[in-house]
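Engineer: Below are the structure tokens for one structure; questions will follow.
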Amino acid sequence: MIREPEFKKRDTAREPVRILLLEDNPDFAELLRTRLRAMRSVSSHLEVVDRLSQALVKLASDNFGLIIADLNVVDSSGVETVRALAPAASQPI
């Protein structure tokens with residue numbers, strides 16, 4: 001069963017949105033990083049991992065406001081990626 005995300009109130013003027021990106025294509029990761037930097041209305045901090053196992057470690061120890069996931073990475077593919085992330089995530093995937 002997939003949990004509904006729990007959103008915490010935060011001061012958006014001071015705190016950047018922490019984003020975890022699970023992506024094994026470095027060019028796409030850099031493109032997203034560049035586009036996020038260009039956004040003036042939202043401050044963000046992007047952390048990139050290229051394996052599901054790394055994402056799960058990050059989720060266990062850090063808080064993120066958003067998870068963006070490539071469903072097909074080296075150590076997972078398709079729906080299995082979402083099934084593995086969902087229990088560890090308290091934020092949208």
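The values are calculated or read from the model by the stated rules, or taken from the named source; none is laboratory data. Since the structure is predicted, the reported quantities are computational estimates derived from the model, not experimental observations. Every residue, glycine as well, gets a Cβ built from its backbone with ideal geometry; the counts of neighbours run over all protein chains shown. The area values use the complete protein model at the heavy-atom level, side chains included, leaving out ligands, DNA and RNA. Shrake-Rupley method; radii C 1.70, N 1.55, O 1.52, S 1.80 Å.
Engineer: Provide a single number: the residues in the range 71-81 that are without any contact (Cβ under 8 Å) to a residue 24 or more places away in the chain and among the hydrophobic types (A, V, I, L, M, F, W, C).
Structural biologist: Result for the range 71-81: 2.
Engineer: While we're here: Please give the number of the condition Thr34 fails out of (1) of a type in the set (S, T, N, Q); (2) part of a helix (DSSP H, G or I); (3) open to solvent by 90 Å² or more (accessible area, probe 1.4 Å).
Structural biologist: It fails just one condition, (3).
Engineer: In the range 57-82, what residues are more than 19 Å from Val17 (Cα to Cα) and not β-branched (Val, Ile, Thr)?
Structural biologist: Asp70, Leu71, Asn72, Asp75, Ser76, Ser77, Gly78, Glu80
Engineer: One residue is enough: does the range 83-93 have a residue meeting the conditions closer than 17 Å to Val17 by Cα, modelled with pLDDT under 95, in a loop (DSSP other than H, G, I, E, B) and β-branched (Val, Ile, Thr)?
Structural biologist: Among the residues of the range 83-93, at least one is closer than 17 Å to Val17 by Cα, modelled with pLDDT under 95, in a loop (DSSP other than H, G, I, E, B) and β-branched (Val, Ile, Thr), which makes the answer yes.
Engineer: Cβ-Cβ below 6 Å, separation at least six or inter-chain, first residue in the range 40-52 and open to solvent by less than 60 Å² (accessible area, probe 1.4 Å), second at pLDDT 95 or above and part of a loop (DSSP other than H, G, I, E, B): which pairs?
Structural biologist: Leu52/Asp75
Engineer: If you go through the range 59-70 one residue at a time, do you hit one that is closer than 18 Å to Asn25 by Cβ, without any contact (Cβ under 8 Å) to a residue 40 or more places away in the chain and surrounded by 14 or more Cβ atoms within 10 Å (Cβ to Cβ)?
Structural biologist: The answer is no; no qualifying residue exists.
Engineer: Do you know which residues across the range 67-81 are within 17 Å of Val48 (Cα to Cα) and outside any loop (DSSP other than H, G, I, E, B)?
Structural biologist: Ile67, Ile68, Ala69, Asn72, Val73, Ser76, Thr81, listed by residue number.
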